[in-house]
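> The structure follows.
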Amino acid sequence: MGRIIDQVRGMSLAEKRELAEMLREAIAEELAAGAGEPDRCPRCGCPAFVRKGRDAAGRQRWLCRGCGRTFGAGTLGLLARSKLPAAAWMEFAACMADALPLRETAARVGVSLYTAWFMRMRACEVMGRRLLPARGDAFEMDGTYFPESMPGNHSRGWFDLGRPAHRTGHDAPRAGLGGSVCVLCGVSETGDCFCELADGAEDGPGVALVALRRLPASCSVATDGRRSYAGSLGGRPHEVRPSRELEMVNSLHSRLKAFVGRFNGVSNRRLQRYLDWFCWREQFRRSARDRRELLFAHEASGIYVCTRELTHLESHPFLSLANRAGIGERYGYMSMVV
């Protein structure tokens, strides 16, 4: 090792930069090739599969008992389906881990702004799959609201805006919660949290579905006493407190709004992706592994379902929470939005 360092010191600055780039690419390729055994079929989501030979490169393949098709570790994978090299995705993971703006991310990775945006959408989907179930015996749960954001020209499309169009930042909606979307949030005493885009306000069915999908069956829940929470928590012990005493969830709301606010107006139909991004940061912030390397490892082993075409076809009034739950259950994670 000492000889190598001595040789590097004798290089010119341009040669050192070239060597650093080659090392970065070699590290990215090695990390990308180290994906382990999948936990379910990437096509149908069936968890039952057996080993089925190897491909021409010697990589293991498996046979799905559900759909009867074979697959490898890279089937439908984020990196396997991308034309960009692994080093570009590694640099992109570093930008995502630091929550850098899209233009700065595009400049660092060396791609167009359009491509960087799609990379962000796919990485958010991968992070949504990686979220672990919330743990804890006591949860605080409450909703927070974000301004309605439905950008774009809807005059020729199928979507009815339901109000006169206005420029972003002008003609603000009336005071109160009109023109807002609700995000149901929960956090436990262990720090585990969830953030779920609800259908409109904090209504009973939305609360009930979030409680069913996100809360452990044996936990107790503290809320601010809103009527929609009564009878919607699945029989879990329910404690009513003043809003100001829900300190953990209020702190979570503050961090969430600070995170989303840095992106200057996230569209409602993309908001769940950013919520998954935020929850991933919250969940893995205490990890012993570097977040940049961890996110790249998740990218290397992750798959996505939402293609470019499906991303453009996402409904502007987002799919109901029940539909997102059903589709997400099929593909192995909750926050599927198409």
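> When both residues are 6+ apart or on different chains and their Cβ atoms are under 7 Å apart, which pairs have a first residue that lies in segment 70-96 and is among the acidic types (Asp, Glu), and a second that is not in a loop (DSSP other than H, G, I, E, B)?
Close Cβ pairs satisfying both conditions: Glu91/Arg108; Glu91/Val109.
> Scan segment 176-189 for residues that are of a type in the set (Ser, Thr, Tyr) and at pLDDT 90 or above and jot them down.
Restricting attention to segment 176-189, the residues satisfying the condition of being of a type in the set (Ser, Thr, Tyr) are 180, 188.
Matches in segment 176-189: Ser188 only.
Listed here are the residues, each with its yes/no results for (1) in contact with a Leu (Cβ under 8 Å, 6 or more places away or on another chain); (2) open to solvent by less than 30 Å² (accessible area, probe 1.4 Å); (3) under 30 Å from Pro216 (Cβ atoms).
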position	(1), (2), (3)
Ala73	no, no, no
Gly77	no, yes, no
Pro85	no, no, no
Ala93	yes, yes, no
Tyr114	no, no, no
Phe118	no, yes, no
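> Considering only segment 241-298, how many residues are in contact with a helix residue (DSSP H, G or I) (Cβ under 9 Å, 6 or more places away or on another chain), among the acidic types (Asp, Glu), open to solvent by 20 Å² or more (accessible area, probe 1.4 Å) and modelled with pLDDT of 90 or more?
0
Condition check ((1) under 27 Å from Glu309 (Cβ atoms); (2) among the hydroxyl-bearing types (Ser, Thr, Tyr)) across all residues:
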position: Cys41; (1), (2): yes, no
position: Lys52; (1), (2): no, no
position: Arg61; (1), (2): no, no
position: Thr70; (1), (2): yes, yes
position: Leu76; (1), (2): yes, no
position: Ala80; (1), (2): yes, no
position: Phe92; (1), (2): yes, no
position: Arg122; (1), (2): yes, no
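> I've got another one for you. So, of the residues in segment 29-44 that are open to solvent by less than 60 Å² (accessible area, probe 1.4 Å) and at pLDDT 70 or above, which turns out to be farthest from Val109 (Cα to Cα)?
Here the residue is Cys44.
> Looking at Phe49, is it at pLDDT 90 or above and either surrounded by 14 or more Cβ atoms within 10 Å (Cβ to Cβ) or of a type in the set (A, V, I, L, M) (or both)? Even if it seems obvious, please write down each step before you answer.
Numbers: at pLDDT 90 or above: yes; either surrounded by 14 or more Cβ atoms within 10 Å (Cβ to Cβ) or of a type in the set (A, V, I, L, M) (or both): yes.
Spelling it out, Phe49 is indeed at pLDDT 90 or above and either surrounded by 14 or more Cβ atoms within 10 Å (Cβ to Cβ) or of a type in the set (A, V, I, L, M) (or both).
> In segment 226-235, how many are open to solvent by less than 30 Å² (accessible area, probe 1.4 Å) and not in a helix (DSSP H, G or I)?
Looking only at that region, the number is 2.
> Please tell me if Asp203 is closer than 24 Å to Trp280 by Cβ, modelled with pLDDT under 85, open to solvent by 50 Å² or more (accessible area, probe 1.4 Å) and acidic (Asp, Glu).
no
> Follow-up. Can you tell me which of (1) under 23 Å from Cys124 (Cα atoms); (2) more than 17 Å from the chain's Cα centre (by Cα); (3) open to solvent by less than 10 Å² (accessible area, probe 1.4 Å) is the one Cys219 doesn't meet?
(1) is the only condition that Cys219 fails.
The values are calculated or read from the model by the stated rules, or taken from the named source; none is laboratory data. Please read these numbers as outputs of a predicted model, since none were measured by experiment. Because the Cβ atoms are built from the backbone with ideal geometry, glycine has one as well, and the counts that use them run over all protein chains shown. Remember, those area values only see protein heavy atoms, side chains included, never the ligands or the DNA or RNA. Shrake-Rupley method; radii C 1.70, N 1.55, O 1.52, S 1.80 Å.
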